Amino acid sequence: MPFRKGSKRFPVKLTTLTDELDFELDSKATGRALLELACQLIGLREVWYFGLQLEKAPAASWMHMDKRVRDQVKAADQPGLPVRVVLLAKLYPENVAEELLQEITQHLFFLQVKQAILRMDIYCPPETSVLLASYAVQAQYGDYDDQTYQPGMLSGTDLLPHRVISQYQMTPQMWEERIKTWYADHRGMARDEAEMEYLKIAQDLDMYGVSYFAISNKKHTELWLGVTALGLNIYEMDNKLIPKTSFAWSEIRNVSYEDKRFTIKPVDKSASNFVFHSTKVKMNKLILDLCIGNHDMFMRRRKPDTVDVQQMKAQARDEKVRRQIERNKLAKEKQLREAAERDRSALEERLLQYQEEIRLANEALHRSEETAELLAEKSRVAEEEAMLLSQKAAEAEQELTRMRLNAMKTEEEKNVLQQKTRDAEILTARLVEESERRAMEADKLKDELTRARKAEKAAKERLQNFLARNSLPMYPDPAAAAPPKDLSSALAPPPRASAASVAAFELVCQDADVEQLSLEIEKERVDYIEKSKYLQESLRVLRSEIEELKVGEKNCVLDVLHAEQLRLGEDKYSTLKKVKCGSTKARVAYYEEL
């Protein structure tokens with residue numbers, strides 16, 4: 001719809017970090033009405049964290065909530081085009097785990113913080129950026145899988161700030177390998193859990209949730225003013241990590257500005273006003289807007305929750321219980337499925353084993369059959385040899401008789417015949433002995449043949465018994481594992497429970513689930529403490545591992561400051577605690593002397 005002067009409605013294109021929406025807005029609608037409509041369209045109820053920016057406006061400017069949208073847009077900049085606005089987080093929670101209730105709120109914060117870290121708007125140490133990247137990969141791709149994961153799978157994804165990559169002599173594959181190591185440890189973590197872990201680590205970064213503005217004190221010293229959820233921080237111009245001093249919102253009574261002069265009145269009336277000068281008047285408007293918003297949020301957190309917040313917290317608790325129960329069911333189903341797969345594999349392995357045993361038994365049977373046939377052949381040959389020897393023995397007897405008859409012719413012939421007779425007797429004895437030996441061998445072979453055939457018969461019977469005993473189905477029916485005690489109980493229809501008994505059963509199950517969830521929440525708390533120790537140790541190991549590959553001359557100022565913090569054993573919260581020491585009066589005086 002064209003953007004015409006005098007039109008009652010005009011088109012709007014709303015962009016979030018996940019979607020783009022097109023709709024029409026009344027010409028008298030204010031920024032607050034547009035914000036509420038935008039949140040309503042995407043189902044976002046925690047409106048108080050978010051604001052609207054014009055797409056072509058500077059990144060630090062926000063749309064005024066009490067002014068009409070059309071008055072904040074130059075008509076010359078919209079020749080027939082819709083008004084383009086961006087929905088972004090404007091205020092940050094003190095504790096993401098306790099204050100971000102809706103999943104969509106967590107998701108939008110996750111995307112915005114991740115984008116700020118990758119754009120290097122928030123300083124992140126190299127080892128922490130690798131850990132955050134592993135949670136981002138878990139949120140995007142789900143559980144790590146050895147079978148589907150391929151080297152280079154993460155190369156097309158923005159995972160690390162360019163500053164981190166350029167500071168080390170490491171290839172993309174080396175970075176990916178280190179990210180994958182942590183990614184594999186997050187198995188079983190849902191998307192919302194991975195995003196929340198990302199935010200819980202990111203909120204401990206020094207520059208997280210800080211809006212920086214260039215200011216100067218009465219000595220014209222150039223400084224940074226940091227507006228945060230906890231209060232106001234003052235930084236030196238070359239150090240955005242460690243504030244020089246800080247003022248909590250509970251110490252501030254009033255904020256106001258006149259032209260470029262900004263005045264903050266402390267609660268302690270004995271302390272002088274905290275005064276600074278900005279470079280532009282519009283900047284003072286933005287500082288005042290952020291101060292009011294953060295101060296209201298600071299006081300709101302310390303008052304009883306409103307009905308809406310109580311309702312959202314109750315819904316968040318119920319949703320958490322429901323998701324936890326569903327995850328427990330899924331985990332149990334997964335365990336049962338894995339157990340079924342293991343049983344199936346075991347059955348398949350047993351089947352293969354049985355098939356191998358059957359093959360070996362068949363081979364043994366075949367060998368026994370071949371042995372029996374060989375023994376039968378040997379027995380037949382032995383019988384033929386025995387018959388041949390018997391015939392030779394008979395012929396020798398006949399020759400002996402004939403020779404005895406002829407021996408009576410002459411004495412000389414008699415002597416010759418006697419000698420031949422002795423020789424024939426010796427030969428006959430040998431032949432008889434050989435015939436008896438061959439006959440014994442034939443009897444022995446017959447016995448062996450008989451035993452072989454008996455062994456063959458026994459082997460066949462054992463094989464048939466083995467096949468009958470082990471003829472199990474490959475995939476047994478679990479329902480058939482437990483037969484009924486009697487036939488009547490098996491055929492009888494199941495009794496129908498009453499509605500009251502069913503409801504009572506469901507209530508008992510729900511109470512059991514809630515009690516189980518309470519135990520699991522306590523276990524999660526203990527596990528979180530152990531996990532934090534493990535993560536700190538892992539970060540220290542990774543830092544020392546990649547330190548050898550670092551290019552020292554590419555260190556930026558923030559790297560040096562962070563290294564000094566590590567050397568001193570300080571972090572974001574210990575630093576803030578240190579700079580808040582002393583009275584408000586002393587800290588104002590310290591600021592003025594910078």
Somewhere in the stretch 403-416, is a residue at pLDDT 85 or above and over 60 Å from the mean Cα position of the chain (by Cα)? no
Flagged in the stretch 256-265 as crowded, with 19+ Cβ neighbours inside 10 Å and in contact with a strand residue (DSSP E or B) (Cβ under 6 Å, 6 or more places away or on another chain), in numbering order, are Phe262, Ile264
One residue is enough: does the stretch 358-368 have a residue meeting the conditions in a helix (DSSP H, G or I), over 60 Å from the mean Cα position of the chain (by Cα) and in contact (Cβ under 8 Å) with a residue 24 or more places away in the chain? no
Suppose the filter is modelled with pLDDT of 90 or more and open to solvent by 20 Å² or more (accessible area, probe 1.4 Å); does Gly6 pass it? no
Just a yes or no: is a residue in the stretch 171-179 open to solvent by less than 80 Å² (accessible area, probe 1.4 Å), basic (Lys, Arg), assigned to a helix (DSSP H, G or I) and within 26 Å of Asp192 (Cβ to Cβ)? yes
Report yes if some residue within the stretch 336-348 is in contact (Cβ under 8 Å) with a residue 24 or more places away in the chain, surrounded by 12 or more Cβ atoms within 10 Å (Cβ to Cβ) and within 18 Å of Ala190 (Cβ to Cβ); otherwise report no. no
Is it true that some residue in the stretch 221-232 is open to solvent by 60 Å² or more (accessible area, probe 1.4 Å), of a type outside the set (Lys, Arg) and touching a Ser or Thr at 6+ places or on another chain (Cβ under 6 Å)? yes
Test Ala331 against the stated conditions and say whether it is under 29 Å from the mean Cα position of the chain (by Cα) and either surrounded by fewer than 12 Cβ atoms within 10 Å (Cβ to Cβ) or in contact (Cβ under 8 Å) with a residue 60 or more places away in the chain (or both). yes
Condition met for Phe274 (under 22 Å from Gly582 (Cβ atoms), in contact with a strand residue (DSSP E or B) (Cβ under 7 Å, 6 or more places away or on another chain), among the hydrophobic types (A, V, I, L, M, F, W, C) and open to solvent by less than 10 Å² (accessible area, probe 1.4 Å)): yes
Which members of the stretch 349-378 meet the condition of being open to solvent by 70 Å² or more (accessible area, probe 1.4 Å) and among the hydrophobic types (A, V, I, L, M, F, W, C)? Leu352, Leu360, Leu374
Please list, ordered by residue number, the strands (runs of 3 or more DSSP E) wholly in the stretch 236-314 having 2 or more residues that are free of Cβ contacts under 8 Å to residues at least 60 places away in the same chain. 252-258, 261-266
Residues to consider are Val416, Val381; find the one that is surrounded by fewer than 16 Cβ atoms within 10 Å (Cβ to Cβ), among the hydrophobic types (A, V, I, L, M, F, W, C) and under 30 Å from Ala455 (Cα atoms). Val381
Determine if the stretch 340-350 includes at least one residue that is within 30 Å of Ala248 (Cα to Cα) and among the hydrophobic types (A, V, I, L, M, F, W, C). no
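The values are calculated or read from the model by the stated rules, or taken from the named source; none is laboratory data. Just so it is clear, the structure is predicted and the values come from calculations on it, not from any experiment. Every residue, glycine as well, gets a Cβ built from its backbone with ideal geometry; the counts of neighbours run over all protein chains shown. Please note that ligands, DNA and RNA were not included when accessible areas were found on the heavy atoms of the full protein model with its side chains. Shrake-Rupley method; radii C 1.70, N 1.55, O 1.52, S 1.80 Å.
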